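The values are calculated or read from the model by the stated rules, or taken from the named source; none is laboratory data. Here the structure is a predicted model, which is why all the values come from computation and not from measurement. Neighbour counts are summed over all protein chains in view; Cβ atoms, including those assigned to glycine, are modelled from backbone coordinates with ideal geometry.
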Amino acid sequence: MVEESSTFRDVIVERLQQRNRNQSQLNNYISTYKNLVEEYKNLSLRLARHQLNRQWSPTPSSTTQLSSDLSFELLEEKNKVRMYEQEIDKLKNDNSLLNDTLKKKDTEINRLKQELKEEIDARNLLHDDYLELNLRANVLNEKLADMTKDYATILDQYNKLKIKEIEWYNVEVERENQRQREKMLQEALGKNTITREDNNSIKEIPLTNSGDSNSSFEYVPEDQYKLPALGTLTGYDLLINKCVDKQRIAEFDDVADVLWSKDGDFLYTASSDKILKRFKFDNEKITKINTYRKAKKGLNRLDLCEDKGLILGASNDTCTYIWNISNETVRYTFTGHSDAVMSAKFFDLNKKVVSGGRDRVIKIWDLCRQQIIRNFLPGTTVLDILDAPEMASCFLSGHVRKEVHIWDDRSHGSESQAYITFEDKVTSLHEVPGTMQVLCSIADETLSLIDIRNMMELHSYSAEQFRISSDHSKCTVSPNGRYIATGSANGLIFIWNVQSTKLEKILPVKDAHEGAVVSIAWHPFGNYLATGDKKQTVCIWGSGY
């Protein structure tokens, strides 16, 4: 504001100085004009005097000559006077125009001064409002700090209560499982009841206690009749109890996928750091032994073809990479998508690869010829793909558009064979081994079990604290199809019974995940679970048996 006021003052002074210069020139012209008029008068007097002298002069010729010179000189002076009069008139006109312009500028200056005054008043008013609002903001910030502390305290108490609730729930579930195991043992031994008082051949022996409330007990016979462990019985899987190993494996962001080898000796991980890693699993610990590099952006999904010694990774850099497991080299690179590849799978007895992603196209590649042999156009982003080994040449896809489609590579059309619609986007697909059923992870905080023969929903699974963490959150099914599991945005692992839809177990975050769980895989033997989260961490969960 001060600079603008100074500028207006400079303009006014400059214009006044210009007017003074113009008026000074006009004054010079007027002074010159007055001198000429005075000189003209003097010449007129001289001429009159000479004419009078000529009347009395005895030499008329000289008088005539003098009169002629004076007349000529007088004529020149008249011309000069006329010229100066014209110049004066012109200057008067210019002066009049300049005066009018000066009046306009003065009017504009007055208007600008008034606006400047109004702006200064408004600025002062805003400054007062700013001081008042700043004072209020300081008061509110103090209140916010106090409320934040109170919230942290309440949240800590809430988490402690939730942990106690989970522990209590797990104890109840463990008691129920213990009763079921005792019943199974009674049936296996062919007895109606088993008690510790009247049967000396069986005694209660506690399992190894881990120090938490999830420890359980089972009856073991002392004689030569030995029962097999539950995990080795056909049709049975073991409930996971505790975290046995925890490692930070990625440099940044999330562990997008985890995958066990068929024999369970190796664990593969894909993460946003663009590196696929291979870990040796031994004595409930994982040790990194291989890294597979080539991807320019993060990896989303993995798949194995152990018959050919290959592992596949779908990447955000629009490519699908296939590595040799043994020497860490890239065997194939499929580049045909125009956007991130969200999922890819070996398909049709490992002779083909099917991939899909954010470009809304599903591509089928011939592994031998290394070229695209077919495109499907679902018209929506593909979040996951699943091979359907029970249905030859068929595969399923889950989409942002809340649908699961089944496709047949043998069909001549570009439409899917059938589909089912859910309430929200489908983030993950997993087959139930040996059946025609598929587990779907839905972004509306539920899991759904469908029959792919008629694309009908069989069961739905949900829990109060269960929250889907991202668009690529995975779900898994135990090897014998008894349990399903998935991770939650709060770091918990939820396990349900497939047939009864009962929530069997909630694995707590204590000494485990500190971030949202996005990937999960069940060990082929059913007694371990691998999970990955958004804070670069992989956890191995064991059954405790």
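Just one of the listed residues (N93, N35, N79, N110) is under 60 Å from the mean Cα position of the chain (by Cα), modelled with pLDDT of 80 or more and loosely packed, with under 12 Cβ neighbours inside 10 Å, namely N110. For R136, the conditions (1) farther than 30 Å from I12 by Cβ; (2) in contact (Cβ under 8 Å) with a residue 12 or more places away in the chain all hold with the exception of (2). Taking the listed residues S428, S414, S393, the one that is at pLDDT 90 or above and within 24 Å of T335 (Cα to Cα) is S428, with no other qualifying. Residues in the stretch 499-533 that are part of a strand (DSSP E or B) and either touching a Phe, Trp or Tyr at 6+ places or on another chain (Cβ under 9 Å) or not assigned by TED's automatic domain parsing to the domain that holds F279 (or both): L503, E504, K505, I506, L507, A521, W522, Y528, L529, A530, T531.
For (1) out of contact with any Cys (no Cβ under 7 Å at 6 or more places or on another chain); (2) at pLDDT 90 or above, each residue gets a yes or a no:
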position	(1), (2)
I420	yes, yes
Q437	yes, yes
Y461	yes, yes
Q465	yes, no
I468	yes, no
T486	no, yes
F494	yes, yes
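Can you name every residue in the stretch 118-157 that is among the hydroxyl-bearing types (S, T, Y) and within 32 Å of the chain's Cα centre (by Cα)? Across the stretch 118-157, the qualifying residues are T148, Y151, T153.
Looking at this structure, is D471 under 25 Å from the mean Cα position of the chain (by Cα), within 30 Å of R374 (Cβ to Cβ) and in contact (Cβ under 8 Å) with a residue 60 or more places away in the chain? So D471 passes the test.
How many residues does the stretch 478-498 contain that are without any contact (Cβ under 8 Å) to a residue 40 or more places away in the chain and not in a strand (DSSP E or B)?
3
Considering only residues in the stretch 158-167 that are touching a residue at least 24 places away in the same chain (Cβ under 8 Å) and more than 32 Å from the chain's Cα centre (by Cα), the one that is surrounded by the most Cβ atoms within 10 Å (Cβ to Cβ) turns out to be I166. Does G357 satisfy the criteria of being modelled with pLDDT under 90 and within 25 Å of the chain's Cα centre (by Cα)? No; evaluated as a whole, the condition is false for this residue. Elements of the type strands (runs of 3 or more DSSP E) sitting completely within the stretch 421-473 and holding at least 3 residues that are in contact with a Phe, Trp or Tyr (Cβ under 8 Å, 6 or more places away or on another chain): these cover 446-451. Across the stretch 311-326, which residue is surrounded by the most Cβ atoms within 10 Å (Cβ to Cβ) among those that are more than 13 Å from F346 (Cα to Cα) and within 22 Å of the chain's Cα centre (by Cα)? Ranking the candidates gives S315 first.
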